[in-house]
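Have a look at the structure below, then the notes.
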Amino acid sequence: MRRTICSPWLRALGLATCALFATIANAQLLDDIEVRSDQGVSEIRLHFTAPVRYIKHFPAERGELIKLYLQVLSLDGTEEMPLQEYKRTPSIPLVPPYTVMYSTARTCLAVRDPLCLDIQFSKPVRFRIRQGEDGRSILLHVLAETDPRPAPSTKPSGR
Amino acid sequence: MPLLVFLCALLSPSTALAQTGNVAPAATPANAGARHFAVTLLSSFEPIPDALLPTDLKTHRVYRTQAEVFGKTIYFVRLGFFATAAEATAMRDTLVARYPGAFMTEVTAEEFGATASVQTRSVKPATQSSTPPAPRTRFYVVTLVESGTAALAPAGALPAELKDKRIYRRDTVQNGAARYSLQLGFFTSAAEAETARKLLLAVYPLAGVRQASQQERDESGRTVVAMPAEKAAPALKPAKPALPLASVRGDVDSQASNLLEQSRAALTRGDNNAAIQLLNQLLQLPPNQHSQDAQELIGLAHERNGEVAKAKREYKLCLELYPDWSGAERVRQRLADLETAPKAQALIAPKKKEVSVSTAYGSLSQYYYRGNSRVDSTETPIVGPSQPLPTLTSLDQSALINNLDLTGRFRSGDYDNRIVIRDSYELNFLPDTENKNRMYAAYAEVRNKPYELSGRLGRQPGNSAGVLGRFDGISAGYGILPKWRINVVAGEPVDFNPINSDKQFWGTSLDAGTFAEHWNGSAYYINQTIDGIIDRQAVGAELRYFDPSRSLLSLVDYDVSYGVLNIALLQGTYQVGSKTSLNLLIDHRLAPVMQTSNALINEINTSISSFLQQGMTEEQLRAQAEARTPTSDLIMIGATHNFNATWQLGGDIKRYNISGTPASGAPPATPIAAQPGTGDVYAYTLQGIATGLLTKRDVSVLSLSYLTSDTYNGESISFNNRTLIQDKWTVDLSLVYYQQQDNLGTDSTRLTPIVRLGYRWRDRITFEIEAGMEKGETTNRDLTEDSTRNFYMLGYRWDF
């Protein structure tokens, strides 16, 4: 039986090469992106097709490019991993358009079955990130950038 | 019945809608009243500092408020109030250049009530400052008359009690229109102003009391209106004797004022219990000018706390104590709302939502991949000079990958249905290679909220409830009770490297939670067969805990047929303060999970039934499967710290071990020799991430790793940078260096630089090109091998 996963021995030897030459197919780890808004806050829920483990993200709470580091905890580790995928959902009010690109190249994070996401907004946003309650999703709460710009200067009334 | 509804809905969502409809929130007296709108100028995850509040928006009130949104506390600064959404939107349009995130908001009656009588900057959540607010002088005025025309004049001379007061004109802009009014001031307490208002009611029947600012007082002298002759004044008699103004106790009032202010702030931030405590303190003071307000607000606090009986009692007490108070009518309305809301809801006929929304989105992409390899080898014999071996070159990759990701979503009434298709077609240009089509998903999904029903039919992802991966079949769930949901699943696993055996499975699971605000979980049973014999028969459970700073997920999968623990997993994260997070993973598993089909690992013949026909027993196949299934153990701990907004440093330590496997297989199976395990492998990683390192809009990642085990050591360093150039260009640079030495004297190094360029055209189409090289060198005492692989990719992606 041919398996796409590398053998345990080969895995132990640091399989960056294996990942590089592995399939370039599109296996869709990111199942769906669900977005809802309320009172100017948008909740973006990234649904994955397997359990994921949140590890870290950067920057902490503000920026236009968010790097999110996860680990796939699939039940069946033999499922092949895609190298790179993109996902985009229809734009929503108050949240700048964004694209989610993720990579499972082993060089992106030194864990087994890494999942590294780049969430690219067209403008800076403020956000919070946490793991979803179902263990298979990641939640982003996004606020559009609202810092005020300088008020227009006004001349003295002359009185 | 639920299954029937599901099938009907799958076939015809609109028909199903007509059968069930949706009950819209019934109108109640509370929400049937006046609506109020505001412009949200600022919103934040953290309290908004004073410095960001506008100081020049005079026409309307600027106030702070906060709300729980998606479980998070969000802080707002709003400008209000407006009678219509159009007016608020118009104001928002005039401010959006200055407040780019401004949006129109319909505020709740509670927010309006709690804010309307409070001066802007006094609405300050207690969490924002530990220092008590500075005492301020407050002024009250009586608005005698208000009009849209400027021709206003006093109706007569003031009574003797008010001779020391002034009448002045005040011009404002409300909802974009000029408003003119005559004001009488100034009073140091609301009680004084209220007494004056009552004195003047006969002449100014619409007179009202409001607060005024120091600025208004200072500027009022410029618009004082001359009084008519005293004889023209009607003989005004107050309905009741005026309050002895001298008896107003300033110290009590001041204390009460502070408590009232704090309680309003507590109400605004949703801390009803704190508000109740503060209001109780206020109500224990001697009667003062804020007693009425406090009596109403404590009822409101109980009401928001869900303590309806207490709220009613406080409202009734308020009406008994202050029947003539100007806010009494409002209190009566609140009380009436509480007593009549359920009846009103029952009387109003359900209203069906008939709005249907259909959307389609996804992406289509085509990428061409090409790679060339070259290997130069030199043999080093024990005796004699080194001998170069023939150079090997090959075109190892030439393929066009076509991807389609299509989602159609149909929302109608209570239904939220989807059709999802994800397909990848690999067109290979290399000789003797086949084209491959992989349908990753093709399913229809129905969700019905009132029935708590959902289902999917078709090719769909698994990885839950014991289903190991993608499968063709059906899955459905039904909420049997609040917080309890039962699911069933049945189908055939999808393997893109198929074996010559047939697998089927069915399973059921139970989801529970959320309990105690933070806990949820599930338990499952699954039965899978292969060519008629048991492949996998497992029970499992997940237990999860989540709160804003911690998460924990545990998973156990146990095969009852084999009597082995397939998976025992525990993972958690802990946020320490605002800058540091810790994470942990403990993962023990059979890899792959135990299945009879594991007997086919390293077999050319991939048919279980064939082996059975050739004389192998089921027990022999199961024993072979057990022998060929290694065990993986991993423990990993990590930490991440944000030094500032631009730098983050993280590190982790992990130990993993993959067991060896014993020799296995006897004819007709293939004999396989014992395979050694990895032993304990330790890996140490340090990763720094920074923004603005090379350019203003870039993010760079630098990683250092060190691996050590009984048989080899390895080190790697990698650098990645993504730079955004204007709005349309992205540049990705990646450089990875890895070296390894093993106990057999083999040294290997690998250097991989990659550059990728992306350009977004018309917002929906992205062109990408990537080029890279991998340069490797492997040396041992017999051979030196230099390998080079050049590769590139180019293509486009259309998001629609």
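Here, each number is a calculation from the coordinates, and none is a lab measurement. Just so it is clear, the structure is predicted and the values come from calculations on it, not from any experiment. All Cβ positions, glycine included, derive from the backbone under ideal geometry; neighbour counts span all protein chains shown.
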Spatial separation of Cα centroids for the range B:418-458 and the range B:634-678, in angstrom: 31
Aspartates and glutamates within cross-link reach of B:K654: Cα-Cα under 15 Å, excluding same-chain residues under 8 positions apart? A:D113, B:D587, B:D633, B:D680, B:E715
Between the range B:685-717 and the range B:725-754, how far is it from one alpha carbon centroid to the other, in angstrom? 11
Too long at a 20 Å Cα-Cα cut-off: which of A:K123/B:K72; B:K72/B:K579; A:K87/B:K72; B:K198/B:K316? A:K123/B:K72; A:K87/B:K72; B:K198/B:K316
Could you list the residues of the range B:187-205 with an amide nitrogen less than 15 Å from a label point located 7 Å from the Cα of B:A328 in the Cα-to-C-beta direction? B:195, B:198
Approximate spin-label separation B:E715-B:N280, in nm, with each point projected 7 Å along Cα-to-Cβ: 6.7
Would you work out which of B:N437, B:V420, B:V383 lies farthest towards the positive end of the dipole of the range B:376-457? Charges go on Cβ: Lys and Arg +1, Asp and Glu -1. B:V420
Extension length gain for B:N428 and B:K449 (0.36 nm per residue less Cα distance), in nm, is 3.0 nm
Residues whose built amide H sits under 5 Å from the amide H of B:T606, excluding neighbours closer than 5 in sequence, are B:N500
Run the quick spin-label model on B:Q726 and A:R62: label points 7 Å from Cα toward the beta carbon, then report their separation in nm to one decimal. 2.7
Size of charge dipole - the range B:672-774 - debye, nearest 20, with Cβ of Lys, Arg +1 and Asp, Glu -1, no other charges: 760
Furthest towards positive pole of dipole, A:L46, A:P59, A:L70, structure part the range A:30-80, Cβ charges: A:P59
Which whole-Hz couplings ³J(HN,Hα) result when phi for each residue of the range B:688-701 is put into the Karplus expression 6.51 cos²θ - 1.76 cosθ + 1.60, θ = phi - 60°, listed in order with x for Gly and Pro? x, 10, 9, 10, x, 7, 9, 9, 5, 10, 10, 10, 10, 10
Provide the per-residue ³J(HN,Hα) series for the range B:96-111, in order, calculated from phi with Karplus coefficients 6.51, -1.76, 1.60 and θ = phi - 60°, each as a whole number of Hz, with x at glycine and proline positions. 5, 5, 8, 10, x, x, 5, 8, 7, 9, 8, 8, 6, 4, 5, 5
So B:W761 and B:L783, fully extended at 0.36 nm per residue minus their Cα-Cα distance, gain in nm 2.9 nm
Give the share of C-alpha pairs in each 5 angstrom bin for the range B:639-779, from 0 to the last occupied bin, in whole percents, shortest bins first. 2, 8, 12, 13, 14, 13, 11, 9, 7, 5, 3, 2, 1, 0
Can you tell me how much longer the chain between B:L694 and B:S394 gets when fully stretched, taken as 0.36 nm per residue apart minus their C-alpha distance, in nm with one decimal? 104.3 nm
Computed from the beta carbon distance with a Förster radius of 25 Å, FRET efficiency for B:Y180 and B:T55 to the nearest 0.05 stands at 0.50
Compute the FRET efficiency between B:I637 and B:V539 as 1/(1 + (r/R0)^6), taking r as their Cβ-Cβ distance and R0 = 30 Å, and round to the nearest 0.05. 0.55
Two-site FRET efficiency, B:S147 against A:S37, from Cβ-Cβ distance with R₀ of 51 Å, rounded to 0.05: 0.80
